[in-house]
Amino acid sequence: MTADTLSDFELLDAYSRTVVQVAQKVSDTVVHIKVEKTGKRGRNNGQRIPFGSGSGFVISSDGFIVTNSHVVSGAERLEVNLQDGRQYHATLIGNDPATDIAVIQINGEKLSTVSFGDSDKLQVGQLAIAIGNPYGFQYSLTAGVVSALGRTLRSESGRLIDDVIQTDAALNPGNSGGPLVDSHGRVIGVNTAVILPAQGLCFAVAANLVQYVVGKLIISGKVRRGFLGISGQMIRLPQNAPQSSGVLVQNVEPGSPAYQAGIIQGDLITGFDGHPVLTIDDLHKLLDESSIGRRSELQFVRNRRPEQALVTPVEMG
């Protein structure tokens, strides 16, 4: 068989074929969100900024769309444009500034949807593809790799978002809220920020955390959660350890429940209220609304010795 008889697709290398297939699979699920904030003062010399824009992606046939909190926060009107040209008015379902995740909904038919992958199984170096609408262009795709895992990033609310994915897949204004997907077209994160003027420092909120937050927003419109006052990073533990991983405390807020319980930087959290804590996602899920005001036992390791402390989470403001 000669090159002349091969199809254009067959002539592509394996990497290109993978990216092309992902683009074909996911592109119809990615939307452009036009945001009207006529009552909001912007940062441009105090001038009013009437419109903004961002990206999102459809996760269900009944029109639920995931995007960033900072894209839709304060919006008076939301308009969603699909890849096929259809336009819909959208309703804000729920907003969680603490993780920079929001859910909106449109009343559309025959909507293409995308599914979530398991972000706990990500590995540094694997393919990562970012899709969105930078600078208002209808559709744009960039490809790179997962550069690092377990980063922390401060949201616009002032709180730290834990378990953030770092990627070198280029992000630009308007990409916010779009999906970061793997080689199978599964969402592994939600694109949220780029560090300027650094090159190749782009971030996405991990998919497992996003799924938890999205579920709460769809059910009740907000996420009530317990607050310990720590930031942390998942680390792998040696094979002979009782569990495969834990959460290393990187910072403790003065006066917080964790501070009052005696938790310090460098402690390794392994359990909460009798449940194992392997990842940041585990801790987030355990610190649900039922944990607020309830005295619980926090298990951790300090100087290679197992320790326990009683802590009473407060509601995250």
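Values in this text are rule-based calculations from the coordinates and carry no lab data. What you see is a predicted model; the values in this text were computed from it and never measured.
Key figures for this structure:
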{"item": "Proximal lysine pairs, the chain, alpha carbons under 20 Å, eight or more residues apart or interchain", "result": "4"}
{"item": "Backbone HN-Hα couplings from phi across the range 261-268 [Karplus 6.51/-1.76/1.60, Hz, Gly and Pro as x]", "result": "7, x, 6, 10, 4, x, 5, 10"}
{"item": "Three-way shape label, the chain, alpha-carbon gyration tensor, a/c 1.5", "result": "oblate"}
{"item": "With Cα atoms, 0 to 90° folded angle of helix 14-26 axis to the chain main axis", "result": "90 degrees"}
{"item": "Amide hydrogen neighbours beyond the local backbone of Gly185, cut-off 5 Å, H modeled", "result": "none"}
{"item": "Derived scalar couplings ³J(HN,Hα) [the range 214-223; Karplus, 6.51 cos²θ - 1.76 cosθ + 1.60; whole Hz; x for Gly, Pro]", "result": "4, x, 5, 5, 5, 6, 10, x, 7, 10"}
{"item": "Mean ellipticity per residue at 222 nm, deg cm²/dmol - from DSSP H runs of n ≥ 4 across the chain, formula -39500 (n - 2.57)", "result": "-4000 deg cm²/dmol"}
